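The values are calculated or read from the model by the stated rules, or taken from the named source; none is laboratory data. None of these values were measured; they are calculated from a predicted model. Cβ placement follows ideal geometry from the backbone for every residue including glycine, while neighbour counts extend to all protein chains displayed. Heavy atoms of the whole protein, side chains included, go into the accessibility calculation; ligands, DNA and RNA do not. Shrake-Rupley method; radii C 1.70, N 1.55, O 1.52, S 1.80 Å.
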Amino acid sequence: MYKVNVSCKLVSQSTSAFVLKLLDNLLWVSIAASILIFIFWPIATVLLRSFYYQGQLSLRLFAEILPANVQYLYNSVFVAVLSTILALLVSVCIALYESYSQSRLRIFVTPLLFLTMISPPFVSSLAYITLFGRRGFITNTLLGISCNPYGWHGIVVMQALGEISITALMIIGVLRGIDGRLLQASRDLGASSSDTLRRIVLPLLLPGIGAAGFIAFIKSLADFGTPIVIGGNFSVLATETYLMVISRGDLGKAAVLSMMLLAPALIAMLFYRRTESGGVLSTMAGIKSIDGQQEITLGRILGKLLAIITWLFFVLMLVQFFTILLTAVTRYTPGGYILTSEYLSVLNSDKWRSVLRSTWYAFQAGVAASLIGVILAYYIERRQVWGGRLLELLANLPYVIPGTLFGIGYVLAFHTEPLELTGTASIIVINCIFRQITVAAKAGSAVLANINPEIENAARDLGTPRLFVIKDIFFPLLKPAVLVSFVNTFTATMMTIGSIIFIISPNAKVATVELFGLLNQGAYGEAAVLAVLLTLVTVTANLLFAWLLKNKDKKKDVSYVSNS
């Protein structure tokens, strides 16, 4: 009887181990399959469609589209380069001020940068028109002049203002990772702070500047909303792609236009890879200044100049948000601006449903992208599964290609069986998940780099199945990565429009699409109301999620102490 019980127990244990191993393999296969289906296949579909004409392999679409749109390609690269350069110049100044200034105010720089990141699309353009338009508050009311605010200069300034926050945060992260011993050695050898800054810090910043510039350049290339709102007669490829789909319904020509956008994006990626090849980021990351000492002090003139640039940027952003708020509650009359509540009527049941729909989509995308991303990072970094690096490359693609191309890919790939998703809520959520999944994966990889592999080895030696290692060991340790990726994906989904504008059904619009429609109609007051509401909802949701996660950890700590 005893032998029978032992043998039954062994069979049960072996069956359980087999099932857990099978589930572990299924988890990895599911993630790999989802990346191939929802990232590789849409992009491949755009490539295939651009080379087909009337069902046959042909270059006719390229022959028709390229000559007529070369100027638009030049315009796209022109404004993208200028806005990227402007954003980087201001971002480097802000990052240096935050890292090396002696001012006590510098502690507010990073929180303010995070706050200014949460901004609905086209808000900068709306504020620009309100302040500098033909009836703008500054140009018409204060200065009494009427000028034309539309053109490439407005696009460059507005795109740069929209990218400074994220690029400055990226460069600040690089500055915090520079080896403090290099700075101390430079100072000990007699170099001044300015020499150390010029010969040590700035060269080490090049990979970070390259990465930040790459992100800003790609976002500028894919931006079709700003040129539509304030571009006037100046048009870019992203705008033409949008109009080709919305106005003419020609997906083949739209695919070719998207391929034209892909060319400068790939060139920018190659340039970024060359700046990254020095390996500064990987070899210096995580080493802080010795004993917390600040090895570099800014001179009086340089310090004041950086402070002026930094706080001028925040003043401009404050003016932008304040202008939107005033636009929502004031109306222009011949006698001046008066308070009004008439624009609040835009918040009818349809608009509230669109806001709630956006919030629900963003929540789903945030949770799913966070979980899939950190699990993907675990399998690639720790398990080093076969094909992991290839899947990592594929996961990076949606973040480095224009959003309009990714959106067109979903229209082409999922409008027929066996995966007919066009017109459903699922296609929007899935698009947002896989558009942001690489951020979650990178955040997970960064946290995993600081977790001792011996923890997993000890668990495995004690007989813990791999699936339980993920659930009980790595998930609790990866909570910081989950929080970062959730906030990023939630915010990006709430504010996105480029990659989902083509897959939104008319009866299920999200708030950003409603906002874009109001701006196109010239209903600036109603658009401002919706922009303010979107900003408040996004900030509140992010703070609530962070509080819940932190509060849950505190409860676990209290429970642990009481039990011990």
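Got a number for carbon plus sulfur as a percent of region 365-423's accessible area, 1.4 Å probe? Provide the component values of the computation, followed by the final result.
Working: 1400 of 2190 Å².
The nonpolar share, carbon plus sulfur, comes to 64 percent.
Could you tell me, in Å, what Rg and Dmax come out for the Cα atoms of region 392-436?
For region 392-436, the Cα radius of gyration and maximum Cα-Cα distance read 10.7, 29 Å.
Taking 31 Å as the cut-off for C-alpha to C-alpha distance, list the pairs among Lys304/Lys442; Lys219/Lys253; Lys219/Lys479; Lys21/Lys442; Lys219/Lys509 that go past it. Don't skip to the answer; put the middle values down first.
Details: Lys304/Lys442 36 Å; Lys219/Lys253 22 Å; Lys219/Lys479 28 Å; Lys21/Lys442 26 Å; Lys219/Lys509 23 Å.
As for pairs spanning more than 31 Å Cα to Cα, those are Lys304/Lys442.
When the distances between all Cα atoms of region 365-426 are binned every 10 Å from zero, what whole-number percent does each bin get?
Reading upward from the zero bin: 18, 36, 37, 9.
So how do 69-76, 302-309 stack up, highest first, on mean other-Cβ count within 10 Å?
Values: 69-76: 18.1, 302-309: 16.4.
Packing order, densest peptide first, comes out as 69-76, 302-309.
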